[in-house]
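One structure is given below, encoded as structure tokens.
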Amino acid sequence: MGFDFNHLIELIPDINQAFFETMYMIAISLVVAIVIGLPIGILLYVTDKGLFLENRWVKNTAGFVVNMVRSVPFIILLVALIPLTEFLVHTTIGPAAASVSLSVAAIPFFARIVESAFREIDKGVIEAAIAAGATPWMLIKDVLLLEARSGIVSGITLTLISLVGFSAMAGVVGGGGIGDLAIRFGYYRYDNTIMIATVVILIVIVQLIQIFGDLITKVVDKR
Amino acid sequence: MIKIHNLSKIYKTKSGSVKGVDDVSLTVHEGEIYGIVGYSGAGKSSLLRCINLLERPTSGTITVDGIDLTSLKGEKLRLARLRIGMIFQHFYLISQKTVYENIAFSLKAAKTPANLIKARVEELLEMVGLTDKRDVYPAQLSGGQKQRVGIARALTNNPTVLLCDEATSALDPTTTKSILDLLKRINKELNITIVLITHEMKVVKEICNRMAIMQEGKVIEEGTVYDTFADPQTELTKEFIKSVVSFELPDAILNKCQGTIVKVMFKGDVAGEGIVSDMLKQFEVKGNFLHGSIEYIQEAPLGIFVMELMGESEETNKALQFIENRSAQVEVLRDGV
Ligand SMILES: Nc1ncnc2c1ncn2[C@@H]1O[C@H](COP(=O)(O)OP(=O)(O)OP(=O)(O)O)[C@@H](O)[C@H]1O
Ligand SMILES: [Mg+2]
């Protein structure tokens with residue numbers, strides 16, 4: 001069975017719903033990843049050796065937890081987090097349920113990206129600010145976050161693209177979205193039209209995210 | 001005033017410990033421009049960075065304006081740093097902030113009320129001559145302009161001390177001169193004590209009152225710049241001085257000379273040439289000037305002449321004695337042949 005245009009038209013409502021489910025999942029996960037991952041990224045950086053809030057215990061603990069989550073393959077995380085999902089959203093299927101695992105996966109991912117964006121900053125700039133009498137909060141807000149701004153924006157782009165991929169995987173456990181559509185139609189029913197459509201949609205989404213991400217990265221960088 | 005007492009800084013690295021600063025004691029007086037010279041790795045930056053505790057000393061104390069900084073931590077140390085400005089070889093401005101924002105940053109650190117910030121930033125911009133670059137990002141500035149922003153940022157909170165870590169080493173000679181002039185002006189007009197480290201003796205000669213020479217973490221010589229130039233004690237100091245005041249004679253000239261070659265140095269306002277001509281009149285010697293110049297160190301002249309004296313060795317010795325008695329220093333570079 002090849003590509004059938006009429007079949008595609010027929011399934012537009014399904015595709016439409018799947019698309020918005022995917023958007024919903026990645027939007028929630030991105031917000032959670034930023035809200036929780038950014039502070040963790042800051043913590044990982046500023047508690048490092050030789051930095052202004054050096055604290056080995058905090059650094060090691062946070063680093064261990066982050067690595068632990070990151071070492072679990074997403075497909076296993078999806079299953080392992082079912083109790084947490086149940087507790088948080090009272091269901092284990094649908095996009096809201098998938099968002100829980102997606103968020104948990106995205107938090108440490110984004111935190112590490114933030115940490116490495118900070119590492120790109122010349123230590124001299126941080127020292128000069130310390131010499132000028134900056135408070136720790138000023139160092140975080142006016143030096144770290146500002147200097148790493150474009151690195152963080154490209155980190156968000158990267159996180160979003162990973163989330164698109166992960167969200168498709170969530171379809172395997174009934175998470176809804178484009179991945180779900182591909183599994184239900186493309187895999188179980190050998191529906192090539194849907195298969196091709198989902199692949200095209202995913203490609204377009206990823207390309208758009210990358211283009212916009214790069215654009216913003218460039219705009220915010222004053223170097 | 002800065003008092004450094006028995007200061008040591010030992011860096012612990014994987015391959016063992018490195019002595020960055022080794023038991024240094026120094027006093028920098030109020031209103032002075034103090035230069036610290038040394039080759040790469042001598043420990044100049046380590047010492048300077050200890051002064052505002054960017055580097056915590058392993059032992060010893062630092063007192064700035066009567067406050068023992070080594071006893072301070074956290075918020076108290078931060079407040080003390082507001083009164084100690086610092087500028088760097090690579091400027092280290094916040095690249096994502098405009099010139100205005102970079103300077104305002106220091107004011108915010110001092111919790112300056114928002115309505116006072118604008119006037120103060122503009123005053124500083126005026127002082128460093130960058131009024132027209134107010135809203136530009138550092139990437140669009142030249143090295144000299146970036147250093148001016150660095151200076152403005154360091155001066156925002158009316159510090160008593162300005163620390164300069166190779167502040168002109170990344171700049172060309174003309175820009176270096178203009179930055180040094182600005183530092184001199186700041187020192188005079190605002191009565192800010194300046195400690196600067198450099199590997200260029202020229203910088204020290206140009207603006208410093210007193211200086212120290214560092215080697216392997218230790219201060220091996222210290223004194224007024226004038227005395228150090230006039231009478232260097234260590235080989236290293238002599239080497240550094242040679243880089244700005246050199247009296248090397250070409251071999252071709254040396255080979256032609258028959259007489260005793262002497263270096264005569266006149267300090268201060270002693271009229272050197274008058275003494276020499278008196279000597280030539282009184283004794284049976286003939287003199288030939290081979291080299292000579294009058295260096296002005298902090299506006300005080302230091303005359304150095306290299307000359308060939310020809311005559312009986314007894315007369316020559318008497319002549320040299322005569323000059324020495326007239327408050328000049330004589331050094332025989334080569335005996336007559
Ligand atoms: N953070 C550090 N960790 C380990 N060793 C250090 C550190 N900083 C400096 N050192 C060592 O301390 C010694 C003095 O270094 P310092 O940077 O003070 O020299 P310097 O005189 O400023 O040299 P330069 O002219 O190259 O800047 C050197 O041997 C250097 O390797
Ligand atoms: Mg140095």
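A few notes on this one:
- Condition check for B:D165: within 20 Å of B:E206 (Cα to Cα) and assigned by TED's automatic domain parsing to the domain that holds B:R83: yes
- Residues being surrounded by fewer than 22 Cβ atoms within 10 Å (Cβ to Cβ), among the hydroxyl-bearing types (S, T, Y) and near ligand 2 (Cβ under 10 Å from one of its atoms) - total across the stretch B:35-51: 2
- Among the helices (runs of 4 or more DSSP H) confined to the stretch A:62-157, the ones with at least 1 residues that are of a type in the set (K, R) are located at A:95-119, A:123-131.
- For the stretch A:32-54, a residue qualifies if it is part of a loop (DSSP other than H, G, I, E, B) and open to solvent by 60 Å² or more (accessible area, probe 1.4 Å), and the qualifying residues are A:K49, A:G50, A:L53, A:E54.
- For the stretch B:155-180, filtered to residues that are of a type in the set (A, V, I, L, M) and within 16 Å of ligand 2 (Cβ to nearest atom), the residue that is most open to solvent (accessible area, probe 1.4 Å) is B:A170.
- Residue count for the stretch A:182-223 under the criterion of being open to solvent by 60 Å² or more (accessible area, probe 1.4 Å) and not hydroxyl-bearing (S, T, Y): the result is 21.
- For the stretch A:90-145, a tally of residues being at positive phi and within 14 Å of another protein chain (Cβ to nearest Cβ) returns 1.
- Restricting the stretch B:35-52 to residues that are assigned to a loop (DSSP other than H, G, I, E, B) and either more than 17 Å from B:G223 (Cβ to Cβ) or within 11 Å of another protein chain (Cβ to nearest Cβ) (or both) leaves a set whose member that is farthest from ligand 1 (Cβ to nearest atom) is B:N52.
- B:S71 small (G, A, S) and away from ligand 2 (no atom under 12 Å from the Cβ): yes
- Out of B:E32, B:E55, sole residue that is within 16 Å of ligand 2 (Cβ to nearest atom) and either among the acidic types (D, E) or within 14 Å of chain A (Cβ to nearest Cβ) (or both): B:E55
- Hits in the stretch B:181-232 - residues which are of a type in the set (A, V, I, L, M), more than 16 Å from ligand 1 (Cβ to nearest atom) and open to solvent by less than 10 Å² (accessible area, probe 1.4 Å): B:L182, B:L183, B:I186, B:I192, B:I194, B:I207, B:V225, B:A230
- Against the list (1) within 30 Å of B:K9 (Cα to Cα); (2) open to solvent by 50 Å² or more (accessible area, probe 1.4 Å), the condition B:K263 fails is (1).
- Any hit, the stretch B:14-21, residues being within 12 Å of ligand 1 (Cβ to nearest atom), buried (at least 22 other Cβ atoms within 10 Å of the Cβ) and either over 13 Å from B:G217 (Cα atoms) or more than 14 Å from chain A (Cβ to nearest Cβ) (or both): yes
- B:I62 open to solvent by 50 Å² or more (accessible area, probe 1.4 Å), under 29 Å from B:M127 (Cβ atoms), away from ligand 2 (no atom under 16 Å from the Cβ) and away from chain A (no Cβ under 11 Å): no
- Counted residues, the stretch A:102-161 - those being without any contact (Cβ under 8 Å) to a residue 60 or more places away in the chain and aromatic (F, W, Y): 1
- Across the stretch B:75-95, a minimum of one residue is classified as within 16 Å of ligand 2 (Cβ to nearest atom), touching a helix residue (DSSP H, G or I) at 6+ places or on another chain (Cβ under 6 Å) and β-branched (V, I, T).
- At least 2 residues being over 13 Å from the mean Cα position of the chain (by Cα) is the threshold, and among the strands (runs of 3 or more DSSP E) wholly inside the stretch B:166-240 those reaching it are B:218-224.
The values are calculated or read from the model by the stated rules, or taken from the named source; none is laboratory data. A quick note: this is a predicted structure, and the numbers were derived from the prediction, not measured. Note: ideal-geometry Cβ built from the backbone for every residue, glycine included; neighbour counts use all protein chains shown. In case anyone asks, the SASA skips ligands and DNA or RNA and just uses the protein heavy atoms, side chains included. Shrake-Rupley method; radii C 1.70, N 1.55, O 1.52, S 1.80 Å.
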